[in-house]
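Heads up, the thing below is written out as structure tokens.
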Amino acid sequence: MGDWISAVPSYLVVVLVLILPGAAVVAAGWGVRNPQRLLLAPAISATLAAAAATIAHFVGLRWGLLPLALFTLVVVGIALLLRRGNGADPAPAGRRTLVTVVLSLAATAAVTTVMFARAFGSPDNIAQRFDNIVHLNAIALAVQNGDASGFQIGATSDIGFYPNGWHALTTLAVELTGASVPVAVNGANLAFVSVLWPASIMALVGALFAQRRTAYVTAAALSAGFGAFPALFFNWGVLYPNLIGYAMVPAALSTVVTALDDRGPRALTRALLLVALLAGGVFLGHPNAFLSLLAFSAALVIGILAIRAFDARTRSSVIGVAVAVVGFGAVMAVVWAVFRTGAEHSRWEPWQNLAQAAGEGLFASPRGFSPTIVVVALLVAGFIAVARRPHGLPVLAVFAVAVALFMVVSGLRIDSPVRQLLTNPWYNDSNRLAALLPLAAIPVATLGALAIVDTARRWATRRSLPRWTRVTAAVVAVVAVFSVVVGPNVRIALAQVHEAYAYTDDALILSDDEHALLERLDDETPADALIIGSPRTGTSLALALADREVTQRHVFGSPSPELLFLNTHLRDIETDPAVCSTVDELGIDYVLDFGRRDVIDDPNGAVPYDGIQDLTPSSHLVLIDSQGPEARLFRIEGC
């Protein structure tokens, strides 16, 4: 773990950026006495960063602390105005609640940081997965141009706009520490999984369960107890934008819960603006996350209003439920229609049949991740608690939505109209919906933990057990719930992450040889060099790893006709004069040739780049460096 010293500055920078701006907004608008509200700070900060980066693009400010600070001051001012007439949040009943929250979050942050650092292996390792090419290059390009807006991030892959929440924060890590892109990415990701995600889920259970200390401890522990999230997104994809978007969903959902109890126009306005702020942040994380938030909000709001209507048995309460059903139904119909994905991006096949999908979904153990006994016991206890006391149905309704979506996408045939209707906006990708299961399962498991604790307390009270036995039982319970971090569910997922982050001879993006050659580009090429190479073999990462411009920053994009010509004909440079003239026109100086191994392992993927793979040295293509049998750097001369 000693190697990780180099990532500490990046980690600390992102942690501070996640805490301070959001905490300032919470303090200004709601005060600092309510720990559930303070737990929203990381999600609020992530929202501010994504929004500030986009605003900086329009006003011509270089992305950094200045635009973040200016935008934070604006939002703090708005929060102060909204506080007038509303006052600060009251402190929770128990004085020890804040201490419990801080200790639980700190313990989880420490454990999670170590877990994922070990899984990443080394601070300069990269995930050897397809989408990582564009994400790493997007950070490098954002640093070069001082712009981490969604427009700049989209430009990396030649699209108009791409959600920039993850990129804005990670770019700050590079700019403020001077770390390399891989080191900054790993440091930032450790901050997201150890601070943003657990704080977010703790905020949700605090809102759902009246800020009970048991709820906070349980949620903190369980945030590190599932393989499907966040570990899955470091292996599948990789889906860094989804990671930060999903991590923010529980925090945004908690504001929906608390808004239902606000009364009066001023209080309700303040509550709804906070909901809108975090919903916008979730969207700037990833639109998939926004859709998930909308679906979970519908289940939770309708469930809570239905329970209240059942208790009140008034006409107005029933009308309220009907309005919620119609309103959410209309909004979701529009949103699902707008965010549909094309057939070329939604061809992912199902994994299994419905029965198997139901089993994996109910215990939040998809992809063959073995269930952890403690998690299963808490989920079963939660199911029983809802059966005995239906007031827990809204919590179960959210979980039911997550399980239903997972069953549809992973258990129905690929041409199912229901599958296409419901899960197309998630690209019909079972992995993206599998990752939602822990978000929805943790509140149910927390409900189960509360039911067990309440039953144990009543039993102990009837038998007048001495205090030391209760303290011992509490310690044992805390150790038991934190034991989920070493459960098989997590171990399997982290082992896959470790494999994904390894430089090996058969790695999908960069082998050891290719990585070593890229590290020498600083010494062998000028800073303004333009390099051509097949993006499907990892050569594009010359931008992220060596700060050298490349002709294609991602596998997909819109290459010019001239570049398409060179991709197929550069090898003819000795016999075709058009090759040299095109090289001069584009200003290309070097060729990186990493053979024909394809990043998606597609045997046909290399065909469009036959002109720049497996090249032969010649008078125009001068071999200036090589590493191993396939990693080679050519300089183009004589054109």
Given L268, I307, I636, which one lies farthest toward the positive end of the charge dipole of the chain, if we put +1 on the Cβ of every Lys and Arg and -1 on the Cβ of every Asp and Glu?
I307
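Looking only at Cα atoms, what is the convex hull volume of the chain per residue, in Å³?
Values: hull volume 99.6 nm³, N = 639.
Convex hull of Cα atoms, per residue: 156 Å³.
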Mind checking which of G587, T575, L564 is farthest towards the positive end of the stretch 553-592's charge dipole, using Cβ charges of +1 (Lys, Arg) and -1 (Asp, Glu) about the Cα centre?
L564
Among the trypsin sites (Lys or Arg not before Pro) in the stretch 195-267, which ones are in a DSSP loop with at most 13 other Cβ atoms within 10 Å of the Cβ? Mind listing them?
R263
Under the rule that an exposed site lies in a DSSP loop and has at most 15 other Cβ atoms within 10 Å, name the longest stretch of the chain with no GluC sites (Glu not before Pro) of that kind, not counting the sites themselves.
1-573
Can you give the charge dipole size of the chain about its Cα centre, rounded to the nearest 20 debye, using +1 on the beta carbon of Lys and Arg and -1 on the beta carbon of Asp and Glu?
5740
To make sure I understand, if each residue's beta carbon is the centre and we count other beta carbons within 10 Å, what order do W336, W197, W63 fall in, fewest to most?
W336, W63, W197
Ranking of H391, H167, H569, H345 by count of other Cβ atoms within 10 Å, fewest first:
H345, H391, H569, H167
Take every Cα-Cα distance within the stretch 372-495, group them into 5 Å bins from 0 onward, and report for each bin the whole-number percent of pairs it holds.
2, 10, 15, 16, 15, 15, 11, 6, 4, 3, 2, 1, 0
Tell me, what ³J(HN,Hα) does each residue in the stretch 139-149 have, in order and in whole Hz, if you take phi through Karplus 6.51 cos²θ - 1.76 cosθ + 1.60 with θ = phi - 60° and put x for Gly and Pro?
5, 4, 5, 5, 5, 4, 9, x, 9, 10, 6
Looking only at the chain, where both bridge partners belong to it, what percent of the DSSP beta bridges are antiparallel (to the nearest 5)?
70
Fraction of beta bridges assigned by DSSP in the stretch 512-636 that are antiparallel (%, nearest 5):
70
Relative contact order [Cα under 8 Å, 6+ residues apart], the stretch 512-636, whole percent
30
Can you list the HN-Hα couplings for the stretch 188-200, worked out from phi with the Karplus curve (6.51, -1.76, 1.60; θ = phi - 60°), rounded to whole Hz and with x for Gly and Pro?
5, 4, 4, 5, 5, 7, 9, 10, 4, 5, x, 4, 5
Longest principal axis of the chain (C-alpha) makes with the long axis of helix 41-59 (C-alpha) an angle, in degrees to the nearest 10, of 40
Could you give the angle, 0 to 90 degrees to the nearest 10, between helix 287-312's Cα long axis and the longest principal axis of the Cα atoms of the chain?
10
Kindly write out, for the stretch 543-556 in residue order, the coupling ³J(HN,Hα) from the Karplus curve 6.51 cos²θ - 1.76 cosθ + 1.60 (θ = phi - 60°), rounded to whole Hz, with x marking Gly and Pro.
5, 6, 9, 10, 6, 10, 5, 10, 6, 9, 8, 7, 4, 9
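Check each of the trypsin sites (Lys or Arg not before Pro) in the stretch 302-342 and keep only those in coil by DSSP with at most 15 other C-beta atoms within 10 angstrom; list them in order.
In loop regions of the stretch 302-342 (DSSP not H, G, I, E or B), the sparsely surrounded trypsin sites (Lys or Arg not before Pro) are R313, R340.
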Helix-only estimate, please: 222 nm mean residue ellipticity of the chain, summing -39500 (n - 2.57) across DSSP H runs of length 4 or more and dividing by its residues, to the nearest 500.
-20000 deg cm²/dmol
On a C-alpha basis, how far is the centre of the stretch 407-477 from the centre of the stretch 308-372 in Å? Whole number, if you could?
16
Along the charge dipole of the stretch 2-499, pointing to its positive end and built from +1/-1 on Cβ of Lys, Arg, Asp and Glu, which listed residue (T214, V25, S180) has its Cα farthest out?
T214
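Rule-based calculations on the coordinates, nothing more; no lab input. These figures come from a predicted structure and were not determined experimentally. Every residue, glycine as well, gets a Cβ built from its backbone with ideal geometry; the counts of neighbours run over all protein chains shown.
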